[in-house]
Every structure is written in C-alpha cells, then in structure tokens.
Ligand code: GLN
C-alpha cells in the first residue's frame, strides 16, 4: 500500500487512544471509529481491550452487529484481550456471543481476578495482562508467542489475537503493532 493505512480502533469502550502513538510510529493513521460511515475508510481494525460484555451491549444497542461482521470478514483484524473474546469462535466462563472470526476458544478471566493482573515480557517487550482471557484452543492458528506455557498471541490469515495489552508500553511501536501493520 502506498498511502498511509487507516487503522480503525473500535471506540465503543476500552483502551482506544493508547494505540495512537504505536500506529503513527509505523506510518499508519489512527482513527477511533464507531459508526458505519467511519468504517468505510478503515483498512484494518483493532478491537481494543476493555470489557467484552459492555462492548457486546453497545454493539446491540447501536445495531452494529451485522455491519461489523461484514467489516471484520473483509479486512484484517486484531483483537486485544476483550477484543480477542469478541473475535473467538468459542467463549467460555461463561459462554457469550462472538463474531467467530478467528478459530480459537477463550476462557474469560482465565488468570483469576483483578489482583492477578500483571506486567510481563512477551517477545522481550513489557505488556499488560489485565483480567485477561486464556486461549484454551488455538490448534488451527500460528502461535506467535506463549506465556506460562499458554498461547497468548495467535494468528490465522489476516486475523490476529493477543490476550495482553501491548499499547500500555509507551515505547512505541510495539512488535505486535508492527506485525499488524505489516499484514495490511
Ligand atoms: N475480562 C475482560 C472481559 O472478559 C477483558 C479484560 C481486558 O480486555 N483487559 O471482557
């Protein structure tokens, strides 16, 4: 792509603005998007971390399910933490609706409670696990990184998921943002 790729960070809820320096450091254009009119110009989506149940409620409230399903089907997507839960084919603890864009099973809050949130190195880069899910099945995906013996960063085709937040590291760009922009 010769023009700057437009990275749309779904801005219904969660950690949106912290992605801006990472995207801009890689020559991309950051956009916080939440309406169908804004979706049209997006070249790739980041579904940010936050609270997946709240995001689901807002998607229903604003009647965005079908338009987002179409957008995600046709463009590169990266789900982070709550975003990875929205992209999964199966969600447990408890089961909930998801876009089934990436063939993974995720167990919500798989590391325990808020007190079990932590910063750890993934690919030699400090990232935050914040009430993160655990990926319990990623057999059809490439495992890009593991942590404590479990996959935490996976990819299939142009869809990617990380159970951790790299955007909280102020040293931009993160290796995860770099891989995502390289996909576009
Ligand atoms: N625990 C949240 C959920 O289940 C995800 C947390 C996060 O995105 N940091 O949606």
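The values are calculated or read from the model by the stated rules, or taken from the named source; none is laboratory data. Being a predicted model, the structure only gives us computed values, none of them experimental. Note that each Cβ is placed from the backbone with ideal geometry, even for glycine, and that neighbours are counted across all protein chains shown.
Give 97, 75 a once-over and let me know the one that is in contact (Cβ under 8 Å) with a residue 40 or more places away in the chain and within 16 Å of the ligand (Cβ to nearest atom).
97 is the lone residue from the list that is in contact (Cβ under 8 Å) with a residue 40 or more places away in the chain and within 16 Å of the ligand (Cβ to nearest atom).
Only one of 171, 128 is in contact with a strand residue (DSSP E or B) (Cβ under 6 Å, 6 or more places away or on another chain) and farther than 16 Å from residue 89 by Cβ. Can you tell me which?
Matching residue, one of 171, 128: 128.
Please specify each residue of region 86-106 satisfying the condition of being surrounded by 21 or more Cβ atoms within 10 Å (Cβ to Cβ) and not in a loop (DSSP other than H, G, I, E, B).
Listed by number, the residues that qualify are 86, 87, 88, 91, 102, 104, 106.
Among the listed residues 123, 81, which satisfies the condition of being modelled with pLDDT of 95 or more and away from the ligand (no atom under 14 Å from the Cβ)? Explain how you work it out, then say what you get.
On the way: 81 fails: away from the ligand (no atom under 14 Å from the Cβ).
Going through 123, 81 in turn, the sole match is 123.
Of all residues in region 32-47, which are within 26 Å of residue 131 (Cα to Cα) and free of Cβ contacts under 8 Å to residues at least 40 places away in the same chain?
Taking region 32-47 and keeping what is within 26 Å of residue 131 (Cα to Cα), we get 32-34, 44-47.
Correct list: 32, 33, 34, 45.
What number goes with the only condition from (1) in contact (Cβ under 8 Å) with a residue 12 or more places away in the chain; (2) over 20 Å from residue 139 (Cβ atoms); (3) assigned to a loop (DSSP other than H, G, I, E, B) that residue 112 does not pass?
If we test residue 112 against (1) in contact (Cβ under 8 Å) with a residue 12 or more places away in the chain; (2) over 20 Å from residue 139 (Cβ atoms); (3) assigned to a loop (DSSP other than H, G, I, E, B), just (1) comes out false.
What is the one condition in (1) within 16 Å of the ligand (Cβ to nearest atom); (2) in a helix (DSSP H, G or I) that residue 70 does not satisfy?
Single failed check for residue 70: (1).
Does region 64-71 contain any residue that is buried (at least 16 other Cβ atoms within 10 Å of the Cβ), modelled with pLDDT of 95 or more and closer than 21 Å to residue 172 by Cβ?
Residues of region 64-71 buried (at least 16 other Cβ atoms within 10 Å of the Cβ): 64, 68, 71.
Those still in the list that are modelled with pLDDT of 95 or more too: 64, 68, 71.
With closer than 21 Å to residue 172 by Cβ added as a condition, the list becomes none.
Within region 64-71, not a single residue is buried (at least 16 other Cβ atoms within 10 Å of the Cβ), modelled with pLDDT of 95 or more and closer than 21 Å to residue 172 by Cβ.
Out of 50, 8, I need the residue that is crowded, with 19+ Cβ neighbours inside 10 Å and away from the ligand (no atom under 16 Å from the Cβ). Which one?
Within the list 50, 8, the selection yields 8.
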